[in-house]
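Peer 1: Starting off with a structure, shown below.
The values are calculated or read from the model by the stated rules, or taken from the named source; none is laboratory data. Keep in mind the model is a prediction, meaning the values are calculated, not measured. Neighbour counts run over all protein chains shown; Cβ positions are idealised from the backbone, glycine included. The accessibility values were calculated without ligands, DNA or RNA, using every heavy atom of the protein model including side chains. Shrake-Rupley method; radii C 1.70, N 1.55, O 1.52, S 1.80 Å.
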Amino acid sequence: MSAYGIPTEYKGVHFRSRLEATWARFFDACGWAWDYEPIDLRGYIPDFVLRGARQHLVDVKPIQRVEGV
């Protein structure tokens with residue numbers, strides 16, 4: 001598996017990986033409003049900010065190995 005994602009476009013947004021685009025589709029399916037990499041918090045850029053009554057920062061990572069499975 002490559003250490004780098006495959007750039008993917010979804011709804012006019014250019015994601016760094018297919019995984020991020022998949023999560024954007026999931027958030028849309030749930031009806032959740034999201035922004036992709038909208039803020040830089042002193043070097044930490046969350047993948048998504050979910051918007052609503054409260055904002056939630058979301059960072060997605062692939063599972064490479066699950067212990068005990």
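Peer 1: With axes computed from alpha carbons, what is the tilt in degrees of helix 18-30 against the longest principal axis of the chain, rounded to the nearest 10 within 0 to 90?
Peer 2: 50
Peer 1: Right, next: Taking only protein heavy atoms and a 1.4 Å probe, what accessible area per residue, in Å², does the chain have with all protein chains in place? It would help to have the intermediate numbers written out before the result.
Peer 2: Numbers: 5550 Å² over 69 residues.
Here the per-residue accessible area is 80 Å².
Peer 1: Still on this structure, please answer the following. Helix-only estimate, please: 222 nm mean residue ellipticity of the chain, summing -39500 (n - 2.57) across DSSP H runs of length 4 or more and dividing by its residues, to the nearest 500. Please list the in-between numbers first.
Peer 2: Details: 1 runs with 13 residues, N = 69.
For the chain, the value works out to -6000 deg cm²/dmol.
Peer 1: Just checking my list [x] 23, 12, 8; [y] 21, 15, 15; [z] 22, 15, 11 against semi-axes √(5λ) of the Cα gyration tensor in Å computed from this structure; which label fits?
Peer 2: The value matching this structure is [y].
Peer 1: Let me ask you something else. So for the pair LEU41, VAL58, with labels modelled 7 Å out along Cα→Cβ, what separation do we get in nm?
Peer 2: If labels sit at LEU41 and VAL58, their model points lie 1.5 nm apart.
Peer 1: Still on this model: Connecting C-alpha atoms closer than 10 Å in a GNM of the chain, tell me which of ALA33, ALA21, ALA53 has the biggest fluctuation.
Peer 2: Result: ALA53 has the largest fluctuation of those listed.
Peer 1: Still on this structure, please answer the following. Find out how many positive minus negative residues lie around GLU37, taking Lys and Arg as positive, Asp and Glu as negative, among other residues whose Cβ is under 13 Å from that of GLU37. Can you show the working numbers first?
Peer 2: Details: positive: ARG16; negative: GLU20, ASP35, ASP40, ASP47, ASP59.
Within the 13 Å Cβ shell, the charges total -4.
Peer 1: Pop a pseudo-label 7 angstrom from the Cα along the beta-carbon direction at both LEU50 and ARG25 and give the gap in nm to one decimal.
Peer 2: 1.9
Peer 1: Mind running the shape call on the stretch 1-41? Use the C-alpha gyration tensor, a ≥ b ≥ c as the square roots of the eigenvalues: rounded below 1.5 for a/c, prolate if a/b tops b/c, oblate otherwise.
Peer 2: oblate
Peer 1: Determine the share of the chain's accessible area contributed by carbon and sulfur atoms, expressed in whole percent, with a 1.4 angstrom probe. Don't skip to the end; give the middle numbers.
Peer 2: Details: 2990 of 5550 Å².
With neighbouring chains kept in place, the figure for the chain is 54 percent.
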